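Step one of this worksheet: look at the structure below.
Laboratory data are not the source of any read-out in this text; all were calculated from the coordinates shown. Please read these numbers as outputs of a predicted model, since none were measured by experiment. Because the Cβ atoms are built from the backbone with ideal geometry, glycine has one as well, and the counts that use them run over all protein chains shown.
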């Protein structure tokens, strides 16, 4: 296996995700899913493997929704995917196509376009498209699964371009479709936390709970044996000389916090630099990567997203992370509040509790059994400390 950091991973080369995917399919039998995970942990790879190797009785449809900036674009993306899918089966989108043509939609060379004044019909296009696909497979008993990557990013685009009410309508319609059709499931994942989008909508008096019928499942880093196995496969695949592949693979897995993305990066860096796979070289590569101005591991994301996610509280968030990165062990809520009072004008315990909860959901922090906080990932703590000069 060759190291391929950030590239498309061959589904057959995915390591250590079989049990997770089995759990996802078991849950999908009962309800739709929100897959939560830190970026670059492999959640898109997981859902692509589900697309390519579906459980019996399921028909998965994968879509990357990052390019959708309006509700109409989303509806048309779903319509086109279903139209092409049924076309490959010598069928067609009956209800959706009839409606699409009736309102003046056009199709030229496989490109579909709603008339400019028909954007308000996106609900009908979306609903009829999904119902077409469900009805086509009623007789076979096949159930429909949408695997929607970057759904939160799309919702943020719709909110910013068309306003909060339209984003709310998208969420409400999708929930209504899930409630109406028992043979329909949705899996939502993305690099922007859905909770941030929902929080911004609630600020505009959105009182619905549009995803309370969906289960949230976290994609963790690989477990230690699988991370070591992946590192060893990459060492062998890159033909790196090593005095002890098993021991070095263990060092790589530990230094990478068991993230497959970072494991690939470490082995690739050893290959590019012409280094043997030794524990000393692995440690040196990681140390240099953490201070590389080109940010090959894309760690600046952890700092650059803070002003976007925590508008008005970004200073408090940075102070909390500075405190936890610069001190050993954990810190209680009261200790963090005392620190904030001494270092800023922050003096609101309830607000702090809300911030800490959001920072947990964004995978910055984790609590121990006593409710005290620490960095969730040691590698990110190490990078934060170095990048902030602590």
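What shape does the range 224-290 have by the C-alpha gyration tensor, where a ≥ b ≥ c are the square roots of the eigenvalues, rounded means a/c under 1.5, and otherwise prolate means a/b greater than b/c and oblate the rest?
Rounded, because the longest to shortest axis ratio a/c is under 1.5.
Sorting 59, 214 on the 10 Å Cβ count, fewest up front, what's the list?
59, 214
Taking the chain as the reference, fit the longest principal axis to its C-alpha atoms, fit the long axis of helix 260-273 to the helix C-alpha atoms, and give the angle between the two in degrees, 0 to 90, nearest 10.
On a 0 to 90 degree scale, this one is about 60.
Just to verify a number: FRET efficiency for residue 123 and residue 350, C-beta to C-beta distance, R0 = 30 Å, to 0.05?
FRET efficiency, residue 123 to residue 350: 0.20.
How would 182, 278 line up from fewest to most surrounding beta-carbon atoms within 10 angstrom?
Ranked by crowding around the Cβ, least crowded first: 182, 278.
Would you mind checking the tilt of helix 378-387 against the longest principal axis of the Cα atoms of the chain, expressed as 0 to 90 degrees and rounded to 10?
The angle comes out near 70 degrees.
Between residue 215 and residue 2, what is the label-point separation in nm under the 7 Å Cα-to-beta-carbon projection?
3.8 nm
Helix 18-28 versus the longest principal axis of the chain: what is the Cα-based angle in degrees, 0 to 90, to the nearest 10?
Relative to the chain, helix 18-28 is tipped by roughly 40 degrees.
To one decimal place, what orientation-averaged projected area in nm² is obtained for the convex hull of the Cα set of the range 301-387?
Approximately 5.3 nm², given one-decimal rounding.
Under the rule a/c < 1.5 gives rounded, and otherwise a/b versus b/c splits prolate from oblate, where does the range 162-207 land using the Cα gyration tensor?
oblate
Rounded, prolate or oblate: which fits the chain, taking a ≥ b ≥ c as square roots of the Cα gyration tensor eigenvalues, rounded meaning a/c under 1.5, else prolate when a/b beats b/c?
Because a/c hits 1.5 or more and a/b fails to exceed b/c, the chain counts as oblate.
Given R₀ = 22 Å, FRET efficiency for residue 238-residue 294 by Cβ-Cβ distance, to 0.05?
0.55
Using just the helices of the chain, give the 222 nm mean residue ellipticity in deg cm²/dmol: DSSP H runs with n ≥ 4 each add -39,500 (n - 2.57), and the total is spread over all residues, rounded to 500.
-16500 deg cm²/dmol
Taking the number of other C-beta atoms within 10 Å as the exposure measure, put 32, 70 in order starting with the fewest.
70, 32
Describe numerically, in nm with one decimal, the distance between label points set 7 Å from Cα along Cα→Cβ at residue 335 and at residue 386.
Each label point is offset 7 Å from its Cα along the Cβ direction, giving 2.5 nm.
Calculate how many DSSP beta bridges within the chain are antiparallel, expressed in % of all such bridges and rounded to the nearest 5.
DSSP beta bridges in the chain are roughly 25 percent antiparallel.
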